[in-house]
1. Using only atoms on other chains, find how many Cβ atoms lie within 10 Å of each Cβ of peptide B:189-199 and report the average.
2. What average count of beta carbons from other chains do you get within 10 Å of the Cβ of residues in A:44-54?
3. Please state the relative contact order of chain A as a whole percent: Cα pairs under 8 Å, 6+ residues apart?
4. Determine the shielding of peptide B:306-314 by partner chains: average, over its residues, the number of Cβ atoms on other chains within 10 angstrom of each Cβ.
5. Given the protein assembly as shown reduced to its alpha-carbon atoms as identical point scatterers, what log10 I(q)/I(0) does the Debye formula return at q = 0.06 Å⁻¹?
6. Using only alpha carbon pairs under 8 Å that are at least six residues apart, calculate the relative contact order of chain B and give it in whole percent.
7. Hand me the GluC sites (Glu not before Pro) from segment B:22-124 located in a DSSP loop with no more than 13 other Cβ atoms within 10 Å, in residue order please.
8. In segment B:332-357, which residues have a backbone nitrogen under 13 Å from the label point lying 7 Å from B:Gln371's Cα in the Cα-to-Cβ direction?
Amino acid sequence: MRAVHGIAIVLRRELQLIARQRAFGVALLIHTGVMTAFVLAWSSGPAPQAFPGRGFYDSVRLVQLAVLGLLLPWTVARVVAMRPPRLMASRAVAAALAMALLAFAAFPVMLLADRMEDAGVAHALRGELDVQALSALAVATVLAWRRLCHDRLIGWMAATISTCGLVAAVLYLQDYAR
Amino acid sequence: VFVIGRLLAIALLAAPAADAPLLTAEAGLDGVGRPGRWLPVRVTIDARTEDINGDLVAEWGRARVRRALILPAPSRVEFDLYIRTGDVRDVVLVRLEQGGRETSRVTLPVRIVGVEDQTALTVPAGRWPHSWRGYDAADALMFDTGDAPSARSDRDALALWRALRDAGDADRALPAAEPVPPASSPASHAATTAILYTIAIAAVPLLVRRGRSRVLLLYPAIALVVAGGSAAAWATGRSSAIVVRHQSFAEQFEGAATTLVSMRATAQYPADEDFSLRADTMDGVLDGVSSSASGDETRLDAEGRPMLDHRAGLGSTESFSVEATSGFRAFDVTHDGPRTRIVNVSTAALDRCEFPPAFSTAAADRLAPGQSIESSSVITGPDPIVACRFAGAPLAFTEPHHAVTTSGSTLVVYHLAGARDQ
């Protein structure tokens with residue numbers, strides 16, 4: 001019981017640290033703003049535009065995965081401190097929670113895109129699972145690369161490339177399976 | 001009375017059950033159908049012991065008309081369906097569907113007549129078509145009895161068909177149509193919600209205090225704004241109106257009480273829902289241009305109003321056309337010797353009017369409601385017309401769950417009795 005209480009205290013402190021970082025607010029604005037701009041721009045013609053072979057919502061979701069693939073590793077690298085190493089587990093959980101919220105922030109805009117295509121709310125919720133999986137992946141890759149590579153810049157770049165590479169591979173396999 | 005022949009086909013399902021609804025029908029005026037012309041199908045349904053809640057479907061070639069049917073037992077109903085195709089067959093199939101299952105069917109023979117053949121058809125006594133379309137296959141009519149139709153709507157239908165035939169139908173000279181006003185983009189339906197939400201989510205980190213004790217409020221505040229934004233995104237457009245943009249022709253004919261309306265239009269839907277757009281007329285057809293799922297099917301509701309069922313996305317647009325008759329009238333025309341007086345009897349100001357040469361060259365190109373104009377001499381010419389434009393629609397639309405607003409203009413044309421008639 002005391003251990004759980006201790007973890008809660010550390011988690012609370014880590015969440016406070018992340019919330020104080022300006023990078024978190026900037027990432028929140030960039031993610032939501034870029035997705036709003038894409039959804040409105042791509043639906044500003046007579047009918048919504050889409051990538052070949054995909055619906056409007058799925059096309060916008062691909063853009064969202066690309067945006068988050070670039071944005072989340074940067075945000076994690078900026079907001080999570082690496083020392084002392086003994087608190088890494090709590091930091092990872094706090095970062096995962098914060099990034100999940102950041103990734104979820106564009107859901108209303110994605111829901112509008114989903115409704116333009118008439119794909120159904122369930123379709124939008126399933127798409128959100130992919131986004132949440134990406135946020136967890138981004139936290140894991142950044143923290144893993146930071147342990148392997150002590151240079152912050154190189155660690156961030158490696159984490160970004162890894163995250164985007166994994167997302168691209170998963171999307172390719174999903175398309176191949178279809 | 002010359003009765004050349006009458007092919008009246010009445011068929012029943014083979015050995016129908018005692019409680020099955022009795023479906024009888026007859027196809028074609030005098031049993032005749034022509035490619036590209038309307039074919040009347042008069043249907044009688046007798047719900048003897050069980051209520052009927054289903055669809056009545058008539059098929060001729062690739063064309064199909066489907067009318068919703070709600071009939072409590074015991075009762076009997078008779079109505080006309082009109083079907084048109086270039087791909088004609090010598091039979092029309094009429095069937096009753098309930099719960100997605102066919103419960104009755106009749107097959108009706110049709111005598112096909114070529115487009116170029118001159119056809120005089122006989123109207124059976126008491127079997128007057130209720131629409132001008134019922135006479136469309138005929139070039140000339142003969143009557144079993146000398147009586148005129150007793151119902152006013154039947155008399156109007158016959159008068160409109162005669163006026164159409166006299167005006168030359170396809171040869172009628174009409175001013176050029178304007179394009180349908182462009183629809184707004186789907187983005188315009190979502191922009192307010194999306195932009196307000198983005199501003200709200202951007203403001204959260206700025207508004208939450210960076211103090212030591214309250215900084216954790218950032219997370220529930222973001223969650224709250226996302227929840228509110230999601231609710232707003234879900235609700236966007238759900239109570240908004242469908243917007244119908246149209247370009248319409250309304251043709252009045254001297255001697256006919258009803259107006260022939262043709263309309264090209266788009267409907268823009270405010271939400272991702274099922275919509276059932278209905279034209280406010282009992283005599284017409286509403287064809288979706290972009291909906292391919294239903295093929296050549298046209299639909300009517302249980303009252304006989306043409307309707308367009310569509311599963312829409314937020315801000316999506318569908319093109320459609322309407323052919324109908326309407327009680328709308330823009331002009332009232334009276335003759336006093338050689339003079340002809342035209343009055344604007346509508347509630348709209350009529351603009352950019354064009355008059356035959358018999359009217360003064362200084363004639364106003366605008367007629368306010370109630371305003372009239374008079375010719376100075378006898379009107380001549382093969383098909384003299386008066387044409388004006390107004391901002392509005394000659395036909396209203398309804399939808400069971402949403403308001404419908406219309407925007408666009410109508411070219412209203414009055415075909416005057418010309419030299420040929422005089």
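Every read-out reported here was derived from the displayed coordinates using simple, explicitly stated rules and does not represent laboratory data. All of these numbers come straight from a predicted model, not from anything done at the bench. In this analysis, Cβ positions are derived from the backbone assuming ideal geometry, glycine residues included, and neighbour counts consider all displayed protein chains.
1. 6
2. Per-residue shielding by partner chains comes out at 3.
3. About 27 percent, as a whole number.
4. So the per-residue partner count for this stretch is 3.
5. -0.51
6. 13 percent
7. In loop regions of segment B:22-124 (DSSP not H, G, I, E or B), the sparsely surrounded GluC sites (Glu not before Pro) are B:Glu116.
8. Residues passing the 13 Å test: B:343-346, B:348-354.
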